[in-house]
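Engineer: Okay, handing you the structure first.
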Amino acid sequence: MKKRAARQQIAHVDLTCQVALQRLDSVGLWITDPIVHAMFVLTERGLHPPFRHLPMPVAFRACGGLRAWNSVFEALPALRSIRDMASNPDEPAGNVLKTLSVLMESLCLRDATDEKTGREATNYALSRLGHASVALSFWLRGGSLYEPTPALGSLLGGADFSLDLPVSLLRPPKNTMCILVPVEHRRRCADVESILVFTSHPKCTETGRTQRAIALHATRANGAGVIQEFHLRLDIDDETRTVHDLLTELIKCCQRDGDDRYASMQALWSTVLDYTVKTLLYLSLDDATISQDRAYSNAPTTFPGLGRRKRELRQAQTEQLYDRYIVGPARAADWAGAQAGELSLDGQVSPHWRRGHFRQQMYGLRGKQRKLIFIKPTLIRADLFDAAQSEGKPATMTRN
């Protein structure tokens, strides 16, 4: 039964490819070139089974999309500028899609026999470029995958986050990374499955002012299983500002311009940013628990003794593996954070849980330096709680 189900899945994907091929043939333009055929077909294939369960960048590589795009870059010199942009860490990721869209449109209209055919080809091409440009930028910039543990999600999910923390504390460990939201906590993150984070330093028009940009690309599946993508870019020209202020200003600008794309998604981005910021803040801690899983790098690349069909199957299975950093403890109790004895208490208070929270701690000569620490959820006055239990008295537990 398992073999039969696998064959049905593969047949479904092949049928999708056949429909795409017929659609391309009906257009009859330069995109019917075999190499370009493969690029569009494989790009779309990554959005369907048997790759749907993989993170978006991994699915793009596993289905052969990355390899197909690299082949097109070599065959078509006109597109090599896109490859250079996608691999440049100082180029905002959103600019890659904009430039690629303009170039694709010009190529379609140039080779079309009439305007209708050109528009038809352009719409087909542009509809398949969104996630491809993001995935290209991720791999060509050497992106890394970070997967928080469910325990970390539980610790940070209920943590107080000070909106007054300056954005200067928001320093991703790498310029290009992807946060994989565990299934257990996707509901807290607007059902988002992955969040790609691109940090760039675009050229500044104002002399003497440094600027940093953080672009986020969130992906999730709707009720029909269709992949939805959301994009947000935070331009940072003042490191003392907060993430909340930047998001609020961006939404107000969109409203003034009559663009309701971000305004309608304010709730989504507030949730996604909350999860992203907390994860990045945790990664910046000195006692952060991070381990590396090199499943893809350590997988065998040759399979001696196997026939062609079995060898190709094993290679395809290997391509679905991926390296990742596992972030956070396996259990919430494993994190050696601050304990109740480290916190000062004024007077007698009843036993209660203190919520986890981030704070800046003084250290160094005369306490002039600051570092970010996380105080994990702590049981305050546990001694009174234990005493009440030993005497058989009910202990009132509150959470603040």
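The values are calculated or read from the model by the stated rules, or taken from the named source; none is laboratory data. Note that the coordinates shown come from a computational prediction; the quantities given were computed from them, not determined experimentally. Here the Cβ positions follow ideal geometry from the backbone for every residue, glycine too, while neighbour counts run over all protein chains shown. Ligands, DNA and RNA are excluded from the accessible area calculation, which covers all protein heavy atoms including side chains. Shrake-Rupley method; radii C 1.70, N 1.55, O 1.52, S 1.80 Å.
Engineer: In whole percent, and with a 1.4 Å probe on the protein chains, what portion of the accessible area of the stretch 116-199 is carbon and sulfur?
Structural biologist: Details: 1430 of 3010 Å².
Ligands and nucleic acids excluded, carbon and sulfur give 47 percent.
Engineer: Could you sort the peptides 188-197, 229-238, 131-140 by per-residue average Cβ neighbour count (10 Å cutoff), highest mean leading? Present the calculation step by step, with values, prior to reporting the outcome.
Structural biologist: Details: 188-197: 20.8, 229-238: 16.0, 131-140: 24.8.
Top to bottom by mean Cβ count within 10 Å: 131-140, 188-197, 229-238.
Engineer: In terms of solvent-accessible area of protein heavy atoms at a 1.4 angstrom probe, what is the ranking of Arg45, Arg294, Arg308, highest value first? Present the calculation step by step, with values, prior to reporting the outcome.
Structural biologist: Working: Arg45 60, Arg294 105, Arg308 155 Å².
Accessible-area ranking of Arg45, Arg294, Arg308, largest first: Arg308, Arg294, Arg45.
Engineer: Taking amide H atoms as placed 1.01 Å from N in the peptide plane, list the residues 5 or more away in sequence, or in a different chain, whose amide H sits under 5 Å from that of Val181.
Structural biologist: Ser194, Ile195
Engineer: Which ³J(HN,Hα) values in Hz, rounded to whole numbers, follow from the phi angles of the stretch 184-190 under the Karplus curve 6.51 cos²θ - 1.76 cosθ + 1.60, where θ = phi - 60° and Gly and Pro get x?
Structural biologist: Using θ = phi - 60°, the values come out as 5, 10, 5, 5, 6, 10, 6 Hz.
Engineer: Also, I was wondering about something else. Hey, how much of the P(r) for the stretch 36-189 falls beyond 19 Å, as a percent of Cα pairs?
Structural biologist: On the way: 7375 of 11781 pairs.
Tail fraction, whole percent: 63.
Engineer: Still on this structure: Express the accessible area of the stretch 164-252 per residue in Å², computed with a 1.4 Å probe while the remaining protein chains stay in the model. Show your work: numbers first, answer last.
Structural biologist: Details: 4360 Å² over 89 residues.
Ligands and nucleic acids excluded, the figure is 49 Å² per residue.
Engineer: Sticking with this structure for a sec: With every protein chain left in place, what is the accessible area of Met362 in Å² (1.4 Å probe, nearest 10)?
Structural biologist: Result for Met362: roughly 120 Å² accessible.
Engineer: Please sort 295-306, 57-68, 278-289, 90-101 by packing, taking for each peptide the average over its residues of neighbouring beta carbons within 10 angstrom, highest first.
Structural biologist: The packing order, highest mean first, is 57-68, 90-101, 278-289, 295-306.
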